[in-house]
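No lab work stands behind these numbers, since they all come straight from the coordinates. A quick note: this is a predicted structure, and the numbers were derived from the prediction, not measured. Cβ: placed from backbone, ideal geometry, glycine included. Neighbour counts: every protein chain shown.
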Amino acid sequence: MTIREGYEFAKQEYEKWGIGVDDVLEQLSRLPISIHCWQGDDVGGFEVNRGELSGGIDVTGNYPGKARTPEELRQDLEKALSLIPGKHRVNLHAIYAETNGEVVERNELEPKHFAGWVEWAKQNGVGLDFNPTLFSHDKAADGLTLAHPDEEIRKFWIEHCIASRKIGAYFGQELGTPCLTNIWIPDGYKDTPSDRLTPRQRLKDSLDQIFAVPVDENHNVDAVESKLFGIGSESYVVGSHEFYMGYALKNNKLCLLDTGHYHPTETVSNKISSMLLFSDQVALHVSRPVRWDSDHVVTLDDELREIAHEIVRNDALDRVMIGLDFFDASINRVAAWTIGTRNMIKAMLYALLTPHAYLKQLQEEGNFTERLALQEEFKTYPFGAIWNYYCEKMGVPAKEAWLEEVKAYEREVLSKRG
């Protein structure tokens, strides 16, 4: 059976439930995923005076072919994008500035240091998102930044975040699509704190100063990201979910939910509907925590499917901004991007091919037997045939054929990087 024949058979199965498959594929093609650049170089960046990776972040493995320059990183991103259906975005950290060998402190970064990225984005038809980098720096060596008791250190990081928002606005203006500029900090304490309130007061004051500087909201969208704990901040994190949810709601900012930043018994999928009731938009960083925030490559697991279901069944395709955040140096990095992003898109397709209206009706009627039966039966509907056709339609390899291209790229490009 050809891919087209498989698609036509599967299409009939889904259309029995009133699902317009062609319309679904059109919807899917317009859904951008923000792909994080730091998978390609193990969160290294290109600072002239780069420090050791810190902030509770750890990348394990030494697979050959890591990108060493902006040109190599962009080349690898292009390869990954050629294997992923749809038009997407790329998410940058401030450490990916290009300063032509000059030492530029993070609080002095300007749009000109990212002109190469903007030109590349224009050539490839992708939007850009941004993050200030508040880790891997001597002014973050003790694990505190915007909540630091030293006013001068706080001032440095406040200036860095202000500069980052201006860079985000530059991206949005140049590319014609708003940039999501997201603030995450590692601040916290390894052991039991004697004062939880004062650091949070300092963080609130720092954020107030950052957001007091006007930036065009048509070009830049501000977000804040929480975390439950980290390496070196096991007992207390200043920017908790409760802190940032309250701050975002009060100050009209987006609250960004990272799937690895919660207790192992919590799920982000269960938070989305509540957040949508009180926020116009919600942002996500999707990773795969294994026992802790270990940022494994995204797989098509139950939680990923449930996240997609929550976005689709609540008509929130235009209200949830989906980004990825994982890094694995034990496998081919281009393959990691490809696997993780394709899985995110697969999950969204899976959700779009589900008869949510009917399942909601069954729940309202109290018909939990039929609800459960259909939820389970749809798990084995011919979803894969639709996916394969979508890939072919979008001009990227179907099934596992993309892997051969990655292997060839490894032989011809990655293996020659020393």
| field | Burial order of peptide ranges 322-332, 390-400 (average beta-carbon count within 10 Å, highest first) | value | 322-332, 390-400
| request: Please compute the net charge surrounding Pro397, taking Lys and Arg as +1 and Asp and Glu as -1 over other residues with Cβ under 11 Å from its Cβ. | output: -2
| task | Could you let me know the centre-to-centre spacing of the stretch 363-396 and the stretch 191-209, using Cα atoms, in angstrom? | result | 46 Å
| query | GNM on the chain, C-alpha springs below 10 Å: top fluctuator among Arg154, Arg68, Arg200? | reply | Arg68
| task | Please report the relative contact order for the stretch 32-352, taking Cα pairs under 8 Å with a sequence separation of at least 6, and give it as a percent rounded to a whole number. | result | 20 percent
| remark: Sparse-neighbourhood loop hits (GluC sites (Glu not before Pro), the stretch 145-223; DSSP loop; Cβ within 10 Å at most 12 others) -> Glu217
| request: Classify the stretch 187-289 as rounded, prolate or oblate from the Cα gyration tensor: take a ≥ b ≥ c as the square roots of its eigenvalues, call it rounded if a/c is under 1.5, otherwise prolate when a/b beats b/c and oblate if not. | output: oblate
| task | Assign unit charges at the C-beta atoms only (+1 for Lys and Arg, -1 for Asp and Glu), then state the dipole size of the chain relative to its Cα centre in Debye, rounded to the nearest 20. | result | 340 debye
| said: Checking the a/c ratio against 1.5 first, then a/b against b/c, what shape does the Cα gyration tensor give for the stretch 218-349? | reply: oblate
| field | Computed helical MRE - 222 nm, the chain, DSSP H runs ≥ 4 contributing -39500 (n - 2.57), nearest 500 | value | -13500 deg cm²/dmol
| note | Total charge of the residues flanking Tyr358 in space, meaning their Cβ is under 12 Å from its Cβ, with Lys and Arg +1 and Asp and Glu -1, is +1
| Once the Cα atoms of helix 197-212 and of the chain are each reduced to a long axis, what angle between those two axes, in degrees from 0 to 90 to the nearest 10, is obtained? | 80 degrees
| What is the local net charge at Asn124, summed over the other residues whose Cβ is closer than 11 Å to its Cβ (Lys, Arg +1; Asp, Glu -1)? | +2
| task | Report, to the nearest 10°, how far helix 333-352 tilts away from the longest principal axis of the Cα atoms in the chain, using its own Cα long axis and a range of 0 to 90°. | result | 50 degrees
| Protection proxy ranking of 335-343, 123-131, 374-382, 285-293 - average other beta-carbon atoms within 10 Å, highest first | 335-343, 123-131, 285-293, 374-382
| task | Could you tell me the distance between the Cα centroids of the stretch 95-117 and the stretch 272-320, to the nearest Å? | result | 32 Å
